[in-house]
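First the structure, in the form of structure tokens, and then the observations on it.
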Amino acid sequence: MANPVQFISQVRAEVGKIVWPTRREVVTTTIMVFIMATLASLFFFLVDLAIKAGISGVIHLVGS
């Protein structure tokens with residue numbers, strides 16, 4: 001178990017090494033996340049629609 005004062009000192013030293021992203025990087029990556037989420041949701045919507053149409057077609061053929 002380390003000395004609490006030494007521990008706090010080490011934590012402060014490590015926090016000083018952190019490289020924070022710039023505002024532009026944050027905005028850019030946020031926009032990219034929204035675009036990718038939109039594309040993924042559109043893709044899965046279309047896949048779901050295709051599966052639904054396929055299952056409906058099979059049920060229609062079996063029911064006839």
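The values are calculated or read from the model by the stated rules, or taken from the named source; none is laboratory data. This is a predicted model, so every value here is computed, not measured. Cβ coordinates were reconstructed from backbone atoms using ideal geometry, including for glycine residues, and neighbour counts include every protein chain displayed.
Residue under question is V27, and the condition is that it be within 23 Å of the chain's Cα centre (by Cα), assigned to a helix (DSSP H, G or I) and without any contact (Cβ under 8 Å) to a residue 24 or more places away in the chain; does it hold?
Answer is yes for this residue.
Within segment 20-43, identify whether any single residue is loosely packed, with under 10 Cβ neighbours inside 10 Å and of a type in the set (D, E, K, R), and answer yes or no.
Within segment 20-43, one or more residues are loosely packed, with under 10 Cβ neighbours inside 10 Å and of a type in the set (D, E, K, R).
R12 - would you say it is part of a helix (DSSP H, G or I), at pLDDT 95 or above and exposed (fewer than 10 other Cβ atoms within 10 Å of the Cβ)?
Judged against the criteria, R12 is not a match.
Return yes when A2 is part of a helix (DSSP H, G or I) and either loosely packed, with under 10 Cβ neighbours inside 10 Å or modelled with pLDDT of 95 or more (or both) and no when it is not.
Spelling it out, it is not the case that A2 is part of a helix (DSSP H, G or I) and either loosely packed, with under 10 Cβ neighbours inside 10 Å or modelled with pLDDT of 95 or more (or both).
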